[in-house]
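The values are calculated or read from the model by the stated rules, or taken from the named source; none is laboratory data. Predicted, not measured: the structure shown is a model, and the values here were computed from it. Here the Cβ positions follow ideal geometry from the backbone for every residue, glycine too, while neighbour counts run over all protein chains shown.
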Amino acid sequence: MKNKTLIDTDILSEIRKGKNPQVIAKAIAYKTRFKNYTISVITVSEVIKGWRKLNRNDRIQEFLIDLPQMEILSLVGLTRRSLKNEPQRHRVHREMRF
């Protein structure tokens, strides 16, 4: 794993569940190298929306407490990076496949 990867909602969910040993190992390696997970504001919104649907305010609070430990990209940053690094993004995704 050479570059940071934008971790989508599904992968972040698997990391937070902590059940899959392969996901856990890759998540630890990523966090060791880059110090925090890189997510988007879309992921933040999806996680909170999902927990709201289930009336799980306790899980929303846990997630909000963890947010300062994550790098959160705005939509502006995502758009610029997506357009500029399209081929690289696909390569990085393969490296981080969980």
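Worth a mention:
- Qualifying positions in the stretch 28-50 - among the hydrophobic types (A, V, I, L, M, F, W, C), in contact with a helix residue (DSSP H, G or I) (Cβ under 7 Å, 6 or more places away or on another chain) and farther than 13 Å from ASP66 by Cβ: VAL41
- The number of residues in the stretch 45-98 being modelled with pLDDT of 75 or more, outside any helix (DSSP H, G or I) and over 17 Å from the mean Cα position of the chain (by Cα) comes to 3.
- When residues of the stretch 32-44 are limited to those that are surrounded by 14 or more Cβ atoms within 10 Å (Cβ to Cβ) and part of a helix (DSSP H, G or I), the one nearest to the chain's Cα centre (by Cα): THR43
- Residue tally, condition touching a residue at least 60 places away in the same chain (Cβ under 8 Å) and polar (S, T, N, Q), over the stretch 1-34: 4
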